[in-house]
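Student: What follows is a single structure, and I will ask about it in a moment.
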Amino acid sequence: AISPVDARTIYIGTGEVYNYQNTAPGIGNRITRGSYGFGILKTTDGGETWTKSLDWSYESMRGVQDLAINPQNPNTIFAATSEGTYRSTNAGESWQLVNNVLMGIDVDIHPTDTSIVYVSHGNLGTDGKGIYRSTDGGGTFSQLKDGLPNSFTGKVLLAISPSEPNIIYASVADSFESIGLYKSEDGGDSWERAYNTDVAKWQGWFSHDIAIHPEDSETLIHVGVDSWKTTNGGLSVTQKSFGEQPRGTPPLVGPDAGPSSIHNDIHAVAYDPTNADNVYYATDGGIFKSTDGGESFGSVNSGLQTTQFYANFGNSQQDSLF
């Protein structure tokens, strides 16, 4: 999360935990994928140096899923973590657990009334799962229930409309399929399911998200395995990408694949707040970008260096080159 008043001040939450204190590598047990973190890091010089803000040990088996900075008071920060929701009121000098429901997933602050904070909790069947709201700046939280499913085994991702912040959308999923896109028009007091299209599919515990057009609360991008789009608040939804996973070495310029292709498993999506034609997608295969509001796509991975390490490799004891 980047400070809204000083772009050189950045916070990084570490760890990627999907199943509480049950993370391990490999394909055999998919739901233990992830990695434990060591808290929250902070820089005030644009990343040249870093200090520990929230200091956890790796052995504590914790992760930070999301961070949100108060746009009107950047000293106040919220962190959705495996242990619950934390708040700092002094720019990360100290943190307090303000909602002790396990597996905090997504945290969003009302853009104009920052005393209102929404957090989703729960994944893979943890207790207390649901959407919580604070109306006192994170002092207390209450669970929102009217119109939402009573039970789910995956996770919930939230989005507040920038242009009409009483309108909120929630992508709710079981572990291996979507339950639906839910919409509230009264700040979370009540909800209705807009559609039950299986956007998340088998990744309801892993990868799905929502982004709302900055000027039109009826237009949003809903991502999971692929990308979908609605322009009428969820009355209908259309699939926009079709999972053609690019293979081999990405080109230095241009897209990896065709214009209807984004690498499968989209974890995050965001509109450019100043140009809604630009939409960015964070996927298992890197970063993709649309320049026509989510209708077509291209990769922007040239020069991006990332590697996912899996356990177990070895080298020869006789030859150091192997």
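Student: Identify, by number, the condition in (1) closer than 22 Å to Thr76 by Cα; (2) free of Cβ contacts under 8 Å to residues at least 60 places away in the same chain that Ile116 doesn't meet.
Tutor: In the conditions (1) closer than 22 Å to Thr76 by Cα; (2) free of Cβ contacts under 8 Å to residues at least 60 places away in the same chain, Ile116 misses (2) alone.
Student: Further question: Could you tell me which numbered condition Leu181 fails, if it satisfies all but one of (1) open to solvent by less than 10 Å² (accessible area, probe 1.4 Å); (2) part of a loop (DSSP other than H, G, I, E, B)?
Tutor: Leu181 satisfies every listed condition except (2).
Student: Considering only the range 215-232, state which residues are farther than 17 Å from Pro259 by Cβ and either surrounded by fewer than 20 Cβ atoms within 10 Å (Cβ to Cβ) or of a type in the set (Val, Ile, Thr) (or both).
Tutor: Let us first name the residues in the range 215-232 that are farther than 17 Å from Pro259 by Cβ, namely 215-220, 222, 224-225, 230-232.
Of everything in the range 215-232, those that are farther than 17 Å from Pro259 by Cβ and either surrounded by fewer than 20 Cβ atoms within 10 Å (Cβ to Cβ) or of a type in the set (Val, Ile, Thr) (or both) turn out to be Glu215, Asp216, Glu218, Thr219, Val225, Thr230, Thr231, Asn232.
Student: Taking the range 77-104, which residues are open to solvent by 10 Å² or more (accessible area, probe 1.4 Å), under 17 Å from Met61 (Cβ atoms) and in a strand (DSSP E or B)?
Tutor: Tyr86, Leu97
So that you can scan it fast, the table gives a plain yes or no per residue for (1) touching a His at 6+ places or on another chain (Cβ under 7 Å); (2) of a type in the set (Val, Ile, Thr); (3) open to solvent by 40 Å² or more (accessible area, probe 1.4 Å):
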| site | (1), (2), (3) |
| --- | --- |
| Gly128 | yes, no, no |
| Asp136 | no, no, yes |
| Leu148 | no, no, no |
| Leu157 | yes, no, no |
| Ile160 | yes, yes, no |
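Student: Taking only pairs six or more apart or across chains, which ones have beta-carbon atoms under 9 Å, a first residue in the range 212-234 that is at positive phi, and a second residue that is open to solvent by 10 Å² or more (accessible area, probe 1.4 Å) and of a type in the set (Gly, Ala, Ser)?
Tutor: Close Cβ pairs (under 9 Å, with a partner that is open to solvent by 10 Å² or more (accessible area, probe 1.4 Å) and of a type in the set (Gly, Ala, Ser)) amount to Gly233/Ala194; Gly234/Ala194.
Student: Here is a list of conditions, (1) surrounded by 14 or more Cβ atoms within 10 Å (Cβ to Cβ); (2) at pLDDT 85 or above, and Asp292 meets all of them except one; can you say which number that is?
Tutor: (1)
Student: Hey, another quick one. For the range 19-37, name all the residues that are modelled with pLDDT of 75 or more, surrounded by fewer than 19 Cβ atoms within 10 Å (Cβ to Cβ) and either within 19 Å of the chain's Cα centre (by Cα) or of a type in the set (A, V, I, L, M) (or both).
Tutor: We begin by selecting, within the range 19-37, every residue modelled with pLDDT of 75 or more; these are 19-22, 34-37.
Next, from what is left, pick out any that are surrounded by fewer than 19 Cβ atoms within 10 Å (Cβ to Cβ): 21-22, 34-35.
Scanning the range 19-37 gives Gly34, Ser35.
Student: Now for a separate question. Name, by its number, the condition in (1) of a type outside the set (Val, Ile, Thr); (2) over 25 Å from Ser142 (Cα atoms); (3) buried (at least 19 other Cβ atoms within 10 Å of the Cβ); (4) at pLDDT 95 or above that does not hold for Trp56.
Tutor: (4)
Student: Next question. Are any of the residues in the range 2-17 open to solvent by less than 50 Å² (accessible area, probe 1.4 Å), at pLDDT below 85 and over 19 Å from the mean Cα position of the chain (by Cα)?
Tutor: In the first step, residues of the range 2-17 are kept if they are open to solvent by less than 50 Å² (accessible area, probe 1.4 Å); the result is 3, 9-11, 13-15, 17.
From what's left, at pLDDT below 85: none.
No, the range 2-17 contains no residue that is open to solvent by less than 50 Å² (accessible area, probe 1.4 Å), at pLDDT below 85 and over 19 Å from the mean Cα position of the chain (by Cα).
Student: Turning to a different aspect of this structure: With respect to Arg62, is the statement that it is assigned to a loop (DSSP other than H, G, I, E, B) and open to solvent by 20 Å² or more (accessible area, probe 1.4 Å) true?
Tutor: Numbers: assigned to a loop (DSSP other than H, G, I, E, B): yes; open to solvent by 20 Å² or more (accessible area, probe 1.4 Å): yes.
Criteria met by Arg62.
The values are calculated or read from the model by the stated rules, or taken from the named source; none is laboratory data. Because the structure is a prediction, the values reported are computed rather than measured. Virtual Cβ from ideal backbone geometry, glycine too; neighbours counted across all protein chains shown. For accessibility, only protein heavy atoms count, side chains too; no ligands or nucleic acids. Shrake-Rupley method; radii C 1.70, N 1.55, O 1.52, S 1.80 Å.
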